[in-house]
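Quick notes on the structure that follows.
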Amino acid sequence: MKICCIGAGYVGGPTMAMIAHQCSDIDVYVVDINEERIAAWNSDELPIFEPGLQDVVEANRGKNLFFSTAVDDHIRDADMIFISVNTPTKVYGVGKGRAADLKYVELCARRIAEVAVGHKIIVEKSTLPVRTAETIKRILANSPHEATFDVLSNPEFLAEGTAVEDLEAPDRVLIGGESKDSIQKLVDVYANWVDRDRILTTNLWSSELSKLAANAFLAQRISSINAMSALCEATQADVDEVAHAIGQDSRIGPKFLKSSVGFGGSCFQKDILNLVYLCEFYGLKEVAEYWEQVVKMNDYQKERFARNMIRTMFNTVSGKRIAIWGWAFKKDTNDTRESAAIYVCRDLLIEQATLAIYDPKVSAKQIKQDLEYVFKQENGEVSERDKNLIENNIIICDSAFEAATQAHSVAVMTEWDEFKDIEPADLYDIVFKPAFLFDGRNLLDHKAYIKQGFEVYAIGKGLLEG
Ligand code: NAD
Ligand code: UDX
C-alpha cells in the first residue's frame, strides 16, 4: 500500500512518521509545496521540535518514509491520500476573523482531481468545518481521468510537545465515512498498533464535528479555571488548590485544569472561532455566543496579566527591562502560534518596555516575525513607529540568566523545565530591586522566591507572602 500525505507540518510530519514506523509494509510519502520545509525533513535538523520525533524519523526515513516536493507524482501513485494542510482563520472577506480559510484544502482537492487515476481513498486529516467533505467530493467529482474517490474524515488529536507519545498510544482514533470498505482499509492501518476498541467509526459529519467539539471542550476547561483565577486573586483563594479540589471529583477529573496566562497554539482559538462561525451560519446565535465567550475569557486573561505587570511596576514600564522567559505556546515545542507571550509582550511594548526575551527552542527571527504580525494595521503594514519599537526595544537572549541580568522584573510565559532549575538567590543578585517575579504558569517555587526577597505575582494566587 502507498500513502501520500499532502502537508508536511506539525501534523503531517509526525503522524506519517508514526504510520511508517508502525507499518513496515506501507510506503509513506509526505509532500509539501514548501521546499525549505521538505529539505529540513530530509536533513538532521527537522523543521519542528517534538521530543522523540527525530528518532522515529531517522529510523524510517529512506526506508518506507519519504519527504518530497513532487506532489503530483505521489498523488498519482498513492492508494490513500491524507490532506493535512493548514486551515487558518480567514483574514479577509466574508467570515474574516472567524471562519476557517479552506483555500489550501480546496487547492489540494483540485490537485487530486486533476492528476489522480484509478480509485483513491481521500482522508481529511486537517481540522475542518463540519460538511467540508461534501465540498471535497464535489470537486473530486470533476476528475478528467474519471478517477473515483471515497472521502473519509480522520481528525488528529495529538497535542504538540507530546505528539509522539500521543500518536503511539492515542486515547482514540476517529474515522468517519460512508464506504465500509474504505473505512476498513484505514482501520487496518491503525490496527497495526492501536487496540481495535480505541478505533471509533462514525458517519462523516460526526467525525468532522467531533474534532471541533473536542477542542472547544478542552479550551473551555482552561477558560473556566482561568475565570476562577481572577476570582481567586480577589478573594485570597488559591487557584491550584481549587483546581485540585474540584479535579478530585471523578465527574470533573484532574486534567486540563492548570490555570495560566492563557491558552495558545494553532488550534484552540481557531477551531472555536470556526465553531462560532458555523453556529451563526446555521442561525444558532445563542450557541455561537456561548462558545465565543471561551475565547473572550482567554483574551481577558492575557490582557489582565500584562495590566497587572504594569500596575505592579508602579504604573510605568517605559524604559524598564523585563525578562521574558519563554515564547513558545507551551513547553517542548518550537511552535509559537497564538502564544500568550506574543500578546502580553505587545501590550508591554506599547508601554515602551524593553523586553529581554529567551526561549530555548524559538529563533530570534520567529520572535520578531510574531511581534510584527500583531502590530500589523488594517492595511497589513506595520507602521514605522512600531517597526522601530520592535527593533529597538527587543533583545533576544541566549539564556534565562542573560535575559534577567539588570532586569526590573522577570515574567514566566512558557513552562520550560529549565526555569525551575534556577536558584532564586542567583537570580536575585542580578536583577534590580525591588525584584518582581510574574509567574504566568505557576511554575516556580514561589515560597523560595519570596524568601529570597522577590515580590511574586502568580496566576490565581492573590497576595503572596512568605
Ligand atoms: P502547518 O502549517 O504546520 O502545516 C501545513 C503544511 O501544509 C505547510 O507545510 C504548507 O506548506 C502545506 N501546504 C499548504 N497548502 C498546500 C498544498 N496545496 N500542497 C502541498 N502542501 C501544502 O499546519 P499543522 O499544524 O500541521 O496543521 C494542519 C492541520 O491539522 C490543520 O487543519 C490543523 O488545524 C490540524 N491540527 C493541528 C494540530 C497541531 O497540533 N498543530 C493538531 C490537530 C489538528
Ligand atoms: C490541542 C489539543 O489538546 C489537541 O488534542 C489537538 O489535537 C490540538 O490542540 P495543543 O494546542 O498542541 O493541542 O496543546 P495543548 O496541550 O492542548 O495546550 C494548548 C494550550 O493550552 C497551551 O498554551 C497550554 O499551555 C494551555 N493549557 C493547557 C493551559 O493553560 N492549561 C491546561 O491545563 C492545559
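Helix 364-374 and the longest principal axis of the C-alpha atoms of the chain enclose an angle of approximately 90°. Per-residue 3J(HN,Hα) values for segment 390-407, derived from phi via the Karplus relation 6.51 cos²θ - 1.76 cosθ + 1.60 with θ = phi - 60°, read 5, 5, 8, 9, 10, 10, 8, 10, 9, 7, 5, 5, 4, 4, 7, 5, 6, 9 Hz in sequence order (x marks Gly and Pro). Report, in degrees rounded to the nearest 10, the 0 to 90 angle that the Cα long axis of helix 103-115 makes with the longest principal axis of the chain. Between helix and principal axis, roughly 20 degrees. Put simply, the amide H of Val30, placed in the peptide plane, has neighbours under 5 Å in Cys5, Phe66, Phe67, Ser68, leaving out anything fewer than 5 places away on its chain. Among the GluC sites (Glu not before Pro) found in segment 11-65, those both in a DSSP coil and sparsely packed, with 14 or fewer other Cβ atoms within 10 Å of their Cβ, are Glu45. For the listed peptides 92-99, 47-54, a ranking on the average number of other beta carbons within 10 Å per residue, highest first, reads 47-54, 92-99. Cross-link partners of Lys420 among aspartates and glutamates, defined as those whose alpha carbon lies under 12 angstrom from its own and excluding same-chain residues fewer than eight positions apart: Asp439, Asp445. Could you give the distance between the Cα centres of segment 358-410 and segment 262-295, to the whole Å? For segment 358-410 versus segment 262-295, the Cα centre distance is 29 Å. For His74, neighbours were defined as the other residues whose beta-carbon sits under 12 Å from its Cβ, and their charges (Lys and Arg +1, Asp and Glu -1) total -2.
Averaging the sequence gap over all C-alpha pairs within less than 8 Å and six or more residues apart, then dividing by the number of residues, gives segment 241-327 a relative contact order of 20 percent.
Remark: the chain carries 45 Å² of accessible area per residue (probe radius 1.4 Å; ligands, DNA and RNA excluded).
Here the accessible area of the chain is 49 percent carbon and sulfur, with a 1.4 angstrom probe and all protein chains present. Axis of helix 12-22 versus longest Cα principal axis of the chain: the two differ by about 60°, to the nearest ten degrees.
Seen from Val115, the other residues with C-beta closer than 14 Å to its C-beta sum to a net charge of -1, counting Lys and Arg as +1 and Asp and Glu as -1. Helical content of the chain, expressed as a calculated mean residue ellipticity at 222 nm, amounts to -13500 deg cm²/dmol (DSSP H runs of 4 or more residues, -39,500 (n - 2.57) each, divided by residue number, nearest 500).
Looking at this model, which pairs from Lys2/Lys63; Lys2/Lys125; Lys258/Lys330; Lys258/Lys451; Lys320/Lys365 are more than 20 angstrom apart at the alpha-carbon? Over 20 Å apart, Cα to Cα: Lys258/Lys451; Lys320/Lys365. Accessible surface of Lys447, taken over heavy atoms with a 1.4 Å probe and every protein chain present, rounds to 140 Å².
Within the shell defined by Cβ-Cβ distances under 14 Å, the residues around Ala403 carry a net charge of -3, with Lys and Arg each +1 and Asp and Glu each -1. Name the shape class, rounded, prolate or oblate, that the alpha-carbon gyration tensor gives for segment 36-125, where a ≥ b ≥ c are the square roots of its eigenvalues, rounded holds for a/c under 1.5, and otherwise prolate holds if a/b is larger than b/c and oblate otherwise. Oblate, because a/c is 1.5 or more while a/b does not exceed b/c.
For Leu152, the residues whose amide H sits under 5 Å from its own are Ile122, Val123, Glu124, ignoring neighbours fewer than 5 places away on the same chain, with H placed 1.01 Å from N. As a rough guide to protection, the peptides 115-121, 126-132 ranked by mean Cβ packing within 10 Å, highest first, stand as 126-132, 115-121.
The values are calculated or read from the model by the stated rules, or taken from the named source; none is laboratory data. No experiment lies behind these values; they were computed from the predicted model shown. Using ideal geometry, Cβ is built from the backbone for each residue, glycine included, and neighbour counts are taken over all protein chains shown. Ligands, DNA and RNA are excluded from the accessible area calculation, which covers all protein heavy atoms including side chains. Shrake-Rupley method; radii C 1.70, N 1.55, O 1.52, S 1.80 Å.
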